[in-house]
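Below: one structure, written as structure tokens.
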Amino acid sequence: MWHFNPTAYHQLIHVVTGKVKRIKSTESDTLYLLISNEGHYVTKKLIMHEVWGGRPVSENNITQSISQLRFLLGDSGKEQKIIKTKPREGYMLLPGNVILIQSITSIFDIEEKNVHTIINIEKNTNMLLLNESIESIKFFYRKYVNNKIKNSFLIVFLFIATVNFYNIYNIFHQKKGLVNLSMIIKKEYNTHFHLDRGNASEKLYLYLKDDIPDTISHIFIFKNPDRFYLSCIYYNKTYNQDKAYNISFADNYPFELILGKIREACN
């Protein structure tokens, strides 16, 4: 059995052996989609839309991604013990083989149970820092979430939680100093930008703010010591609903390429 964390550096870890594997972004997005539909067939059309953002790619790209995922998971096209193929139906991840790792319970559980602590932190100053992050998330939930976009916000908040816990890990285990996890909100045209208080996130926001498609209603920007983490909530005209997209970049990745990826994936 494998654990899958799409925001980690090594996204796959084997439960028994502890072996870790890093996978490309397209394979990671494909695996996330298969996990989200575990036990059901996912069509090539849906994979192409969700993973490649509707870009004109051949079905061979999908076939290669599935083949690579099978290789990484110890499966093959002949055995199909983890990922099954059905002609004209698509691909299905068989239950019990890959588990999506979620760092905290959903934001809805936080609201209902009024959770004040998620992990055991001994130092009061760092506990206050974590609580500030949770309160920021709860504030955004109360102010902006409605039934129409609840599922999209849930995806984004789980992504935010993963990033925050990565920062907390840095605080306690890697000694890289405190990270201010509270968020700033800014509105540009029809888009709300939610960003941490770091200078790097501010610079990326200033670069993006005038060129974001009007289909995007919210963008979340976080920066840990070596990566940017972004989430966007956007209106998908094909499915006539709001959807969420999560992505990360190395801290030296050109801003213009980040903008291009956002415009491509969240439109």
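The values are calculated or read from the model by the stated rules, or taken from the named source; none is laboratory data. Keep in mind that this is a model prediction, so the values were computed, not measured. Backbone-built Cβ (ideal geometry, glycine too); neighbour counts: all protein chains shown. Side chains are part of the model used for accessible areas, which takes the heavy atoms of the whole protein and leaves out ligands, DNA and RNA. Shrake-Rupley method; radii C 1.70, N 1.55, O 1.52, S 1.80 Å.
Of note:
- Scanning segment 241-255 for residues that are outside any strand (DSSP E or B) and either without any contact (Cβ under 8 Å) to a residue 12 or more places away in the chain or out of contact with any helix residue (DSSP H, G or I) (no Cβ under 8 Å at 6 or more places or on another chain) (or both) gives ASN252, TYR253, PRO254.
- Number of positions in segment 195-219 that are closer than 24 Å to ASP242 by Cα and in a loop (DSSP other than H, G, I, E, B): 7
- For segment 199-240, a residue qualifies if it is over 23 Å from ASN5 (Cβ atoms), free of Cβ contacts under 8 Å to residues at least 40 places away in the same chain and not charged (D, E, K, R), and the qualifying residues are ASN199, TYR205, LEU206, TYR234, TYR235, ASN236, TYR239, ASN240.
- Here segment 220-240 is the region considered, the condition is being under 14 Å from ALA265 (Cα atoms) and assigned to a loop (DSSP other than H, G, I, E, B), and the residue that is least open to solvent (accessible area, probe 1.4 Å) is THR238.
- Across segment 165-203, the qualifying residues are those that are among the basic types (Lys, Arg) and modelled with pLDDT under 80, and the one among them that is least open to solvent (accessible area, probe 1.4 Å) is LYS176.
- Scanning segment 41-58 finds one or more residues that are acidic (Asp, Glu), on the phi < 0 side of the Ramachandran plot and touching a helix residue (DSSP H, G or I) at 6+ places or on another chain (Cβ under 6 Å).
- Answer residue from segment 22-78, given it is of a type in the set (Phe, Trp, Tyr) and under 19 Å from PHE4 (Cβ atoms) and is least open to solvent (accessible area, probe 1.4 Å) among those: TYR32
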